[in-house]
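Colleague: Here it is, the structure in full.
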Amino acid sequence: MQYPWISRTDQLLDCLPTVGKLLDLCEENYHLLLALAPQLHAMKGLYASCRPGHMDLFLEVLEQTPYTTVVHLTYYFAHEQGQCADPDALLRVYHDARQIEVVSLRQKALPIKASYQHPGLLNKWKINVFLSKWLSFCGARQHRFTANEEFLTKMQG
């Protein structure tokens, strides 16, 4: 089976990024995340987006301040030793600048370094391209998080 987006992703990964292109990509990621969680600035706790026929997507709001939100976004796969989070992203969302900073990203699909080591710009570019593709994929599967559907409340009630 052919996946037409793979060649597009390869093109993005092979291009030479600039700081301006990276900032544009971080802004695109901000809008993609807000499409999944439109009320993000008002959310607290753990949320699950459950779509029939697709993996459940989890969003945990770890910190809310007037201008930023820190979130953990992941899927949990069943594994011999328990659950395995992959991809597993910690994101800082800057609402005033309309940007997302990837604080950490662990995943197995794309060969990237977990931390921002030299060359930093290229590694940040790859991480943000991956995030963009993942957020787009989640949006295409119609995953959504709403402030009135906190997952832990459902589990406890």
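Colleague: Can you list residue pairs whose Cβ atoms sit under 9 Å apart, with the first residue in segment 93-115 being on the phi < 0 side of the Ramachandran plot and in a loop (DSSP other than H, G, I, E, B) and the second being surrounded by 14 or more Cβ atoms within 10 Å (Cβ to Cβ) and at pLDDT below 55? Count only pairs 6 or more apart in sequence or on different chains.
Modeller: Once the first residue is on the phi < 0 side of the Ramachandran plot and in a loop (DSSP other than H, G, I, E, B) and sits in segment 93-115, its partners that are surrounded by 14 or more Cβ atoms within 10 Å (Cβ to Cβ) and at pLDDT below 55 give L110/T9.
Colleague: Moving on. Can you name the residue in segment 21-80 that is among the polar types (S, T, N, Q) and without any contact (Cβ under 8 Å) to a residue 60 or more places away in the chain and is also nearest to K126 (Cα to Cα) among such residues? Let's see the steps before the verdict.
Modeller: Just the residues of segment 21-80 that are among the polar types (S, T, N, Q), to begin with: 29, 39, 49, 64-65, 68-69, 74.
When the remaining residues are screened for being without any contact (Cβ under 8 Å) to a residue 60 or more places away in the chain, the result is 64-65, 68-69, 74.
Working: Q64: 27, T65: 28, T68: 23, T69: 22, T74: 18 Å.
So the residue we want is T74.
Colleague: Among (1) modelled with pLDDT under 95; (2) surrounded by fewer than 18 Cβ atoms within 10 Å (Cβ to Cβ); (3) in a loop (DSSP other than H, G, I, E, B), there is one condition P17 misses while meeting the rest; what is its number?
Modeller: (2)
Colleague: Restricting segment 105-157 to residues that are among the β-branched types (V, I, T) and at pLDDT 85 or above, which is nearest to Y47 (Cα to Cα)? Steps first, please.
Modeller: Step one: list which residues in segment 105-157 are among the β-branched types (V, I, T), which gives 112, 127, 129, 146, 153.
Those still in the list that are at pLDDT 85 or above too: 127, 129, 146.
Working: I127: 24, V129: 24, T146: 8 Å.
Among them, the one singled out is T146.
Colleague: If E28 passes every condition in (1) modelled with pLDDT of 85 or more; (2) part of a strand (DSSP E or B); (3) among the acidic types (D, E) but one, which one does it miss?
Modeller: (2)
Colleague: Please verify whether H95 is modelled with pLDDT of 95 or more and either surrounded by 14 or more Cβ atoms within 10 Å (Cβ to Cβ) or over 18 Å from L105 (Cβ atoms) (or both), treating the condition exactly as stated. Give the derivation first.
Modeller: Working: modelled with pLDDT of 95 or more: yes; either surrounded by 14 or more Cβ atoms within 10 Å (Cβ to Cβ) or over 18 Å from L105 (Cβ atoms) (or both): yes.
Considered against the rule, which asks whether it is modelled with pLDDT of 95 or more and either surrounded by 14 or more Cβ atoms within 10 Å (Cβ to Cβ) or over 18 Å from L105 (Cβ atoms) (or both), H95 comes out as yes.
The values are calculated or read from the model by the stated rules, or taken from the named source; none is laboratory data. Nothing here was measured: the structure is a model prediction, and the numbers come from that model. For neighbour counting, all protein chains shown are included, and Cβ atoms are generated from backbone atoms with ideal geometry for every residue, glycine included.
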